[in-house]
Amino acid sequence: MAESTTEPVRPAGRIVLGVSGGIAAYKAAELLRRLTEAGHDVTVVPTESALRFVGEPTWAALSHNPVAADVWTGAEQVPHVRLGRHADLVVVAPATADLMAKAAHGMADDLLTNTLLTARCPVLFAPAMHTEMWLHPATVANVATLRSRGATVLEPAYGRLTGTDTGQGRLPEPAEIARLAELLLRRPDALPPDLAGRRVLITAGGTREALDPVRFLGNRSSGRQGFDLATVAAARGAQVSLVAANVELPSPAGSEVIRVGSAEELRAATHAAAKDADVVVMAAAVADFRPASPAETKIKRTDAAPAPVELISNPDILAELVQARAAGRLSAPVIVGFAAETGDQHADVLTHGRAKLARKGCDLLVVNAVSDGRAFGQPDNAAVILAATGGEVDIPLGPKTVLSAALCDAIAALLPE
Ligand code: C5P
């Protein structure tokens, strides 16, 4: 088991941040800030129309680098070739319909489109536009072309658009784009389109079991691991449903989020969504017990000692899913469990994990050590992915997106053609 407690190494990368001309250009300033604060060397390449939304001084000040805006300035350094060649990663945020159309057709009439032709590193497009533009057959075809050539094109997020309308088209959260950028710098091969067309159901967060209308029994799960997994699976092409129990994080772009509270609610939502899923990942921390009879009104403080709380067991949803599949009521070829373990006097974390994998009957079990506040609420995690077929993949302490990518690798390997 990887028990390393040292801070993960954060390799600095050379990033080209392309900004095209949409109103979401102002959000790219926050993305830029996150990338530079993580220690990366970022050169911003705005299109001419992006500069009408956010001016050059903003990009220069936040990147601490000169802004590369056209192919003619500093021509002796051949910037249209140099930038792309030397980049470890190109991120385009926001990527407009126009910019992706040009990129899909290999046009090169400004510095950003030239850079996209010369770059040989991973390219991440974060689109933002009105729903009609995103769904237009021209855009759909251009996105498909870019993806077929190895670029990662994120799904825009749902929500309020620039006008009074709501729909798919918002720029994914800058923090989410930054986490994917970090992932691609660490693992350039982390986002293959191998989950395209697959329906992936993920549960995340921690359930709350009511004691009375204001109090509950809960746990420390923040939902970050499940949400990062949703981000990575969606970036690999999956259609993601995310059952989120008490998670305060913004919805990942490209996922349908079903918010629940208790284990019973999570159970109902999970069984409903599992029916047509190819993959079910139970990353949620589901309460094993709940108060037998929650009070209908708030339990009052009295001078007498409080009454003991009687607990009853919650059904094991993961075990139910495995049973449902064995009975032919569920077809999901891959069912994944998580096990947050602490060692004890009987056995270490991994031994408990192996026993749990056998007991639960799932295909993969992600085992992580949670002693000393590790994993819960942290951006980093260390784990071992155990396969029912005997395989074992050790993931050293690192971002939860890296663990998510390794888990997607293991899932993709188990999916039938
Ligand atoms: O047995 P334990 O609670 O450690 O198992 C953890 C795994 O089982 C996780 O994948 C969790 O989502 C799932 N689980 C469940 N239903 C429960 C308790 C846990 O599906 N009632």
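Within segment 108-155, the set of residues being touching a residue at least 60 places away in the same chain (Cβ under 8 Å) and in contact with a Gly (Cβ under 6 Å, 6 or more places away or on another chain) comprises L112, T115, A119, A128, M129, E155.
Please identify the pairs in which a residue from segment 46-66 that is surrounded by fewer than 17 Cβ atoms within 10 Å (Cβ to Cβ) has its Cβ atom under 7 Å from the Cβ atom of a residue that is at pLDDT 95 or above and β-branched (V, I, T), counting only partners at least 6 apart or on another chain. Between residues of segment 46-66 that are surrounded by fewer than 17 Cβ atoms within 10 Å (Cβ to Cβ) and residues that are at pLDDT 95 or above and β-branched (V, I, T), the close pairs are H64/T36; N65/V42; N65/T43. Sort out which residues of segment 87-115 are surrounded by 24 or more Cβ atoms within 10 Å (Cβ to Cβ), of a type in the set (G, A, S) and assigned to a helix (DSSP H, G or I), and write them in order of number. Correct list: A103 only.
Pairing each residue of segment 3-20 that is modelled with pLDDT of 95 or more and among the charged types (D, E, K, R) with any residue that is buried (at least 20 other Cβ atoms within 10 Å of the Cβ) and outside any strand (DSSP E or B), provided the two are 6+ apart or on different chains, yields C-beta distances under 6 Å for R14/A87.
Taking T401, is it hydroxyl-bearing (S, T, Y), more than 13 Å from the ligand (Cβ to nearest atom) and part of a loop (DSSP other than H, G, I, E, B)? No, not satisfied.
A single entry from A307, A332 fulfils the requirement of being more than 13 Å from the ligand (Cβ to nearest atom), in a loop (DSSP other than H, G, I, E, B), at pLDDT 95 or above and of a type outside the set (V, I, T): A332.
Among the conditions (1) within 14 Å of the ligand (Cβ to nearest atom); (2) in contact (Cβ under 8 Å) with a residue 24 or more places away in the chain, the only one that R325 does not satisfy is (2). Quick check, is R267 at pLDDT 95 or above, surrounded by 13 or more Cβ atoms within 10 Å (Cβ to Cβ) and over 23 Å from the mean Cα position of the chain (by Cα)? Here the answer is no, as R267 does not meet what is asked. Taking every residue in segment 262-288 that is within 11 Å of G205 (Cα to Cα) and part of a loop (DSSP other than H, G, I, E, B) and pairing it with any residue that is among the charged types (D, E, K, R) and near the ligand (Cβ under 7 Å from one of its atoms), at least 6 positions away or on another chain, the pairs with Cβ-Cβ distances below 9 Å are V286/D316.
For segment 335-367, the candidate set comprises residues that are within 10 Å of the ligand (Cβ to nearest atom) and either of a type in the set (D, E) or assigned to a loop (DSSP other than H, G, I, E, B) (or both); within that set, the residue that is surrounded by the fewest Cβ atoms within 10 Å (Cβ to Cβ) is E341. If you go through segment 251-284 and pick out every residue that is closer than 18 Å to R220 by Cα and not small (G, A, S), you end up with 4.
The values are calculated or read from the model by the stated rules, or taken from the named source; none is laboratory data. Predicted, not measured: the structure shown is a model, and the values here were computed from it. Here Cβ is always computed from backbone atoms with ideal geometry, including for glycine, and neighbour counts include all displayed protein chains.
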